[in-house]
Amino acid sequence: MRARMQGGGQGRTGLLMVAPAGVLLILFFFVPVALGFALSFTDARLISPKPLEFVGLENFQRLLDDPVFWTSLRNTLFFAAVIVPAQSGFALLLAVLVNVKMRGTNLFRMLYFVPVVTSIVVVSILWRFMYQPDGLVNSMLHWMTGNVVRVDWLNDTSTALPAIMFMSAWQAVGFHMVIWLAGLQTIPGELYEAAEIDGAGRWHQFRFITWPGLRSTRTFILVTITIAALSLFTQIHVMTGGGPLDATSTVVFQAVRVGYQQQQTAYASAISLVFFLLVLAVSLIQRWLTRERSA
Amino acid sequence: MRMSAKRTLRWGVAAALVAAAAACGSDNAGGSSGDSLTLWTHNAGNPQELAVVEQIAADWNAAHPDKKVTVRAFPQAAYNEAVVSAATAKKLPCILDTDAPTVPNWAYAGYLEPLDIPDDLLAKQLPSTVGKYQGKTYSVGYYEAALGLFARKSALTAAGVRVPTLEQPWTGAEFDQALQKVKAGGKYPITFDLGTGDTGTEWWTYGYSPFLQSFGGDLIDRTSYKSASGVLNGDKALAWATWMQGLVKKGYSPQKSSADAFADFVNGKSAMVWSGIWNSGSLSKVDDGVVLPPPDFGNGAKVGGGSWQWAVSSSCPDKATAMEYLRTSLTAKNMAAFAQKQNVIPASEEAAALVPGWQPGGEKRFFLDESKELAMVRPPTPGYPYLTTTFAKATQDIVAGGDPKQILDRAVAEIDRDLKSNDYYGF
């Protein structure tokens, strides 16, 4: 009886402590998601005196016939397919480099981390200037190649998305470096000492101690980068507005454009629903691929 | 334990909701509180203009201490969102300013009340400063804006090109000649800067649809407002699209201008730039700078019409006072104050007579005459937000080198689908 009373008190306290976060989650996550689901089967508009009507799958039918949606989906997947391995790989490389016990590593750690704490909007505006035909990037290329290369990075359909990829990876790599670094530091130093005594070289140490030791870190990084890459929006919004010729349009960008600028709440909800399912599917596949296998 | 947990959760949720409601409620942005009326304006980022708005309110308050008007200013970028959210929450202010092309949309949505302003007062206004939708007046402005083709006179005379006037603008062929000759002179990296560096939407429609209309096309068929077919993808629209694309392809205009094309013009990077009255203040920095009307591509030279205007919300509890406020504030003195403080066109001749430079023959007079003769308001339909975003994207794609026919056909299909799915917005 006593134990139960105590348990009840603890439960109550626990719930009370969860309540603020819980309420916020319900209000700003579950309610909007549910609304989005429901709205995507209607003809809801941002501003209209017309009553809401149920239209079934019309929005999804429209989605299938919308070339901008397919381009956006392709751009989004392409972005993720490049960014996920490139950014996580580069972050790991940086983490291994700054993980040595040497004077000045803290300076490097800080330098690599600076872009992460800078607002992505500011970073995007700066890079837009750097990518201009007479901007810093082209000036450097001119100097290195002797005026051979001249690219209008953000206005060329073939270079706009890669340019944004490069800039995005540069901006976010520091964050994942720190996570890799945290992972690296959980690996006991004795293992390396033992390996050294056994005569293992640098590569073998990495392959057989570091890599297996980073298992859970790897899963975490994979999932977070993938979700961040799929929801690419700010850079596009600030730097290209989806252009030129939809070359940088992404699913989230299209949803925002359609939903707010064009006031098509229902269609934007349908796009968001598809995006939700896409992210869910990718995350589940990743969970399955990185599951704990019983040996 | 289960019961108590549930109850706690319920109480927690209830408490949070009450707190949230209280937070919203305390910030009463509503139409009127007590004896005062609230007024919303978009120009928090523009101290000169805000000062005039506040002066008008102060004059009113001095005369009507029992019905005071409270001014609340918003940054322009967040203004429309603020109005739409306030309307959804039924907390619109009594008096608000609106960008002219959004007026029909807000009127259709039921946000705005038709204005009760006598015709003889409205008759004094420049036509494009009065916002009409379906025969009713919903908004009225103290000033107007206009586009202009800013050029260096020396560049034109050196190329042996006639300087056009409002009475006799360039023809399309003449303009093409001018571009060729100025470019051949080789003095300016940019011959004619379209000003495509703006990433927003509205400039693309405000700035480039007058060219389309001069070619004889339009965003929507203005006889019915039920379709864009034929007007936005007909031969004339196609000619416009090919011309726009040609400006970039022939190297007259950059595909993407820098963020401030007018500064490039002032700094001697371009011989001509397509811009508006808002930059005319810097024109004096160019020794031989002139402002010219746009070319006439066959259907008359055109510039965009409609700037910020004032309206009364339908949820205002004291509409009579709000109407009276607008009515009594539409004086030549107030309009002159706006035109004095910044580069805008005073909305009536009476006002123009009060401001140096705006009288007939004055140095700024060009814009008033241009607006009177060439201004064409953007299509006054509730479907405008969709029209403008679709048109702006189509124009961006055209300038970026896409296939004009395909782009315009797709834009027409999208616009017509939107019109149909909205039951043609009541037309």
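Overview of values
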item: Filter pass, A:GLN171 being touching an Asp or Glu at 6+ places or on another chain (Cβ under 9 Å), over 25 Å from B:THR201 (Cα atoms) and more than 14 Å from every other protein chain (Cβ to nearest Cβ); result: no
item: Search result, residues across region A:229-251 that are more than 9 Å from chain B (Cβ to nearest Cβ) and free of Cβ contacts under 8 Å to residues at least 24 places away in the same chain; result: A:PHE233
item: Hey, A:PHE69 within 21 Å of the chain's Cα centre (by Cα), away from chain B (no Cβ under 14 Å) and part of a helix (DSSP H, G or I) or not; result: no
item: Positions within region B:245-257 being in contact with a helix residue (DSSP H, G or I) (Cβ under 6 Å, 6 or more places away or on another chain) and in a loop (DSSP other than H, G, I, E, B), in sequence order; result: B:TYR252, B:SER253, B:GLN255, B:LYS256
item: Subset of region B:202-244 (residues that are in a helix (DSSP H, G or I), among the small types (Gly, Ala, Ser) and closer than 18 Å to A:GLN262 by Cβ); result: B:SER209
item: Any hit, region B:116-125, residues being under 17 Å from B:ALA375 (Cα atoms) and surrounded by 18 or more Cβ atoms within 10 Å (Cβ to Cβ); result: yes
item: Candidates B:THR191, B:THR98 - the one that is over 21 Å from the mean Cα position of the chain (by Cα), of a type in the set (Ser, Thr, Tyr), assigned to a strand (DSSP E or B) and surrounded by 24 or more Cβ atoms within 10 Å (Cβ to Cβ); result: B:THR191
item: Residue count for region A:32-52, restricted to those that are among the aromatic types (Phe, Trp, Tyr) and in a loop (DSSP other than H, G, I, E, B); result: 1
item: Residue within region A:53-66 that is within 11 Å of chain B (Cβ to nearest Cβ), touching a residue at least 12 places away in the same chain (Cβ under 8 Å) and part of a loop (DSSP other than H, G, I, E, B) present; result: yes
item: Restricting region B:101-123 to residues that are assigned to a helix (DSSP H, G or I) and either more than 13 Å from chain A (Cβ to nearest Cβ) or modelled with pLDDT under 90 (or both), the residue that is nearest to the chain's Cα centre (by Cα); result: B:PRO101
item: Positions within region B:371-383 being of a type outside the set (Val, Ile, Thr) and either within 10 Å of chain A (Cβ to nearest Cβ) or in a loop (DSSP other than H, G, I, E, B) (or both), in sequence order; result: B:ARG378, B:PRO379, B:PRO380, B:PRO382, B:GLY383
item: Counted residues, region B:158-176 - those being farther than 8 Å from B:PRO295 by Cα and either surrounded by fewer than 16 Cβ atoms within 10 Å (Cβ to Cβ) or in contact with a Ser or Thr (Cβ under 8 Å, 6 or more places away or on another chain) (or both); result: 9
item: Test: B:THR196 is touching a residue at least 24 places away in the same chain (Cβ under 8 Å) and either in a loop (DSSP other than H, G, I, E, B) or out of contact with any helix residue (DSSP H, G or I) (no Cβ under 8 Å at 6 or more places or on another chain) (or both); result: yes
item: Matching residues in region A:253-262 - criterion: being surrounded by fewer than 22 Cβ atoms within 10 Å (Cβ to Cβ) and either modelled with pLDDT of 95 or more or within 10 Å of chain B (Cβ to nearest Cβ) (or both); result: A:TYR260, A:GLN261
item: Any chance A:THR265 is surrounded by fewer than 19 Cβ atoms within 10 Å (Cβ to Cβ) and not aromatic (Phe, Trp, Tyr); result: no
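Let's see how each residue does on (1) modelled with pLDDT of 90 or more; (2) aromatic (Phe, Trp, Tyr); (3) in the same structural domain as B:LYS132 (by TED's automatic domain parsing):
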position	(1), (2), (3)
B:ARG10	no, no, no
B:SER26	no, no, no
B:ASN46	no, no, yes
B:GLU49	yes, no, yes
B:ASN61	yes, no, yes
B:THR98	yes, no, yes
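Condition check ((1) touching a Ser or Thr at 6+ places or on another chain (Cβ under 6 Å); (2) more than 14 Å from chain B (Cβ to nearest Cβ)) across all residues:
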position	(1), (2)
A:ASN155	no, no
A:ALA160	yes, no
A:PHE166	no, yes
A:PHE175	no, yes
A:VAL178	no, yes
A:ILE187	no, yes
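The values are calculated or read from the model by the stated rules, or taken from the named source; none is laboratory data. From a predicted model like this one, the values you see are computed outputs, not experimental measurements. Cβ sites come from the backbone with ideal geometry, for glycine too, and all protein chains shown count toward neighbours.
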